[in-house]
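Shown next, in structure tokens, is the structure this report addresses.
Rule-based calculations on the coordinates, nothing more; no lab input. Everything numeric in this text was worked out from a predicted model, so none of it was measured. Cβ: placed from backbone, ideal geometry, glycine included. Neighbour counts: every protein chain shown.
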């Protein structure tokens, strides 16, 4: 994994109050984390930094699309994603990122790297089961869907006219007698 200088926010020169940062994320960002599940990515990230004298509050909002393969048909499609993350940055004796929502930086630090948080937020925004929208509404024509339909179990019609063994009838009667 390489460092992402564009996702390092220097906060030491900023005045107290709110500051807004905008980022464009493409597939090279995910490739730098060696994550190959996306064919392509176009995501807009907005970071709102609220600086106070004792801590920083980061509100990250991302929206866009990632091109993924459907789990049912293996067809590529654009999956829309939306994600939000709130991160509190406090200052302490040593670096500590054990908590998902609180980051502790040493007192002398002057910048915060949000790339790992952005990466996790976006990867977790993609649904576990990725299904092409054409599968649900029936507009997608695919060989895989045709084969699934062909192999789908047929409805079994019960024939009540068949003779049943009277011993089974007695056993069934035991189930209903209580």
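Odds and ends about this structure:
- Stokes-Einstein D for the stretch 5-148, Kirkwood Rh over Cα pairs, 10 °C, 1.306 mPa s (µm²/s): 93
- The antiparallel fraction among DSSP beta bridges confined to the stretch 5-148 stands at about 90%.
- Annotation: extensible slack from residue 126 through residue 34 equals 31.4 nm (criterion: 0.36 nm per residue apart, minus Cα-Cα distance).
- Alpha carbon centroid spacing (whole Å) that separates the stretch 1-50 from the stretch 96-137: 11
- Quotient of Cα Rg and 2.2 N^0.38 Å for the stretch 1-41, N being how many residues it contains: 1.54
- If a spin label sat at a point 7 angstrom from the Cα of residue 18 along the line to its beta carbon, the backbone N atoms of the stretch 45-59 nearer than 17 Å would be those of 46-53, 56-59.
- Cβ-Cβ distance of residue 95 and residue 71, R₀ of 45 Å, FRET efficiency by 1/(1 + (r/R0)^6): the value works out to about 0.75.
- Distance between modelled label sites at residue 78 and residue 102, nm, 7 Å Cα→Cβ extension: 4.1
- Taking 0.36 nm per residue of separation and subtracting the Cα-Cα distance, full extension of the segment from residue 63 to residue 116 would add 17.4 nm.
- Pairs of Cα atoms nearer than 8 Å and 6+ residues apart set the relative contact order; for the stretch 5-148 it is 21 percent.
- Most to least packed among 93-101, 125-133 [average Cβ atoms within 10 Å]: 125-133, 93-101
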